[in-house]
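*Asks:* This is the structure, below, for whatever I ask next.
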C-alpha cells in the first residue's frame, strides 16, 4: 500500500512541478538549503539538453540490475541485464537513455503547450531524484516476493483507476482546449458589454468621521484620572453619548456626499472634492487618486454596476454601501477589439467545455451506500485523482487588475463595497 501512495506522490509532485498558468513563474523544485560557501546545483539549459543525442545515457543507477521498464532497442548495449548468480551489487547497473527518460517524463507530466518539445528542467530534476529510489525499492520488493501477495493486486487495481482517471482528466482538458475560432467570434459578438472598457473618476466619502484614539468625553477623562470606576448608569450614559455622536457623524457624512455629488454634477474637479471629503472625515491624504482607467464591468462591485449604464460625461447618483458613499463620473468609453481579448474568451470557453465534460461523466452514475456498514453520513471522501501534468484551464475572468487607491496609479479590481480606499497602492 505504501508503494502505491509513494507513486501517487511522484505523479502528483511531477504534475504540479510541470503545470503552471500562462504568464506565471515556473514552480521551483524543493531542495535542501545549500551549505555555506557551496553553490547550489543549476538546471541544464534547453540548448544544452537539446545537443545531447537520444541514445546517450542520462541516468545510471549503480547497484540495481533490472532494466528500466521503458528500455527500448535504442539503449541496447547500455541497459543492464538481470544479474546472474555470483554477480555483485557493485557490478549491477541500470542505464537510462535520454529518449527513454523523456518518454517517461512526457507521460507523467506532459508540457502544457504542445509547441514545447523539451522536457521542463524542473521535471527532469525531480524525476532524476526520485526514479532511482523507485527502481531500487521495486527490485527489493520483488526479491521479497511482494508482487505475489494478494494486496499487491488490490493496490494495483486502485492505482490503475487513479491513473486512468487522471488520464481522462488530461484528455478532457486537451479536448476542451480545442475551441473553434467561430465559437470565439460568436461569444465576442453575443457579449459586447463584457468587452467595453471605461475610464472613470471616483469620489469616495467615508461613512463616518475618523475617531481619534484619545477623543474621550471630558467627564469620562476626569473619572478615569481619579481612578474611580464608572457606575452602570454612567457607563450607559457614556455609551448612549457615543452612539449619538456616531449617528450624528454618519448623517453629516451622508449630507456631505449628497452635496459633493451635486457639485460634481455641476462640473467641479473630483480631486478637489475628494480632498474635502477626506478632510471632513479627519483623514490626511495628500494626493488621493480619483481616476480609474481601463475599467471593465467585472472591475467594480455588483452594487456599483449601474455606473456602466451612464453616458460619457454623466455623474452617478450616490451609491451607499457598508464601506461608505461612492460617486462616479464616466470620462471615456471604448470597445476592446476581438484580437485583444481572444485569449481571454478562449480560456472562458475552455473552462465551460471542461466543466460540461466533467459534469457529463459525474452525471453518468449514482451511488447507493449501505448505511448499516458506513453509517448515516456515508463513506468518507478520499482525495480525487490529481491531474497528471496539467492543473486545468484558467478560470475565466476579466484581466487581472488591482484595487483603486487614493494615491498612486489607479487600476481596477472587484473589491468589496466595504473596503474604503487607502493611501497606499496595494
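All of the numbers you see were taken from the coordinates with simple rules; none came from a lab. The structure presented is a predicted model; accordingly, all values stated were derived computationally and were not measured. We place every Cβ from the backbone using ideal geometry, glycine too, and count neighbours over all the protein chains shown.
Every residue, every condition in (1) closer than 26 Å to residue 180 by Cα; (2) loosely packed, with under 15 Cβ neighbours inside 10 Å, yes or no:
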| position | (1), (2) |
| --- | --- |
| 299 | no, no |
| 306 | no, yes |
| 314 | no, yes |
| 318 | no, no |
| 323 | no, no |
| 328 | no, no |
| 332 | no, yes |
| 345 | yes, no |
| 359 | yes, yes |
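*Asks:* Can you give me the number of residues within the range 320-345 that are outside any loop (DSSP other than H, G, I, E, B) and either closer than 26 Å to residue 255 by Cβ or in contact with a strand residue (DSSP E or B) (Cβ under 8 Å, 6 or more places away or on another chain) (or both)?
*Replies:* Count: 14.
*Asks:* Looking only at the range 274-294, count how many residues are assigned to a helix (DSSP H, G or I) and closer than 25 Å to residue 197 by Cα.
*Replies:* Of the residues in that region, 1 qualify.
*Asks:* Moving on to the next point. Which of the residues spanning the range 295-310 are outside any helix (DSSP H, G or I), in contact with a strand residue (DSSP E or B) (Cβ under 7 Å, 6 or more places away or on another chain) and in contact (Cβ under 8 Å) with a residue 24 or more places away in the chain?
*Replies:* Selection gives 295, 296.
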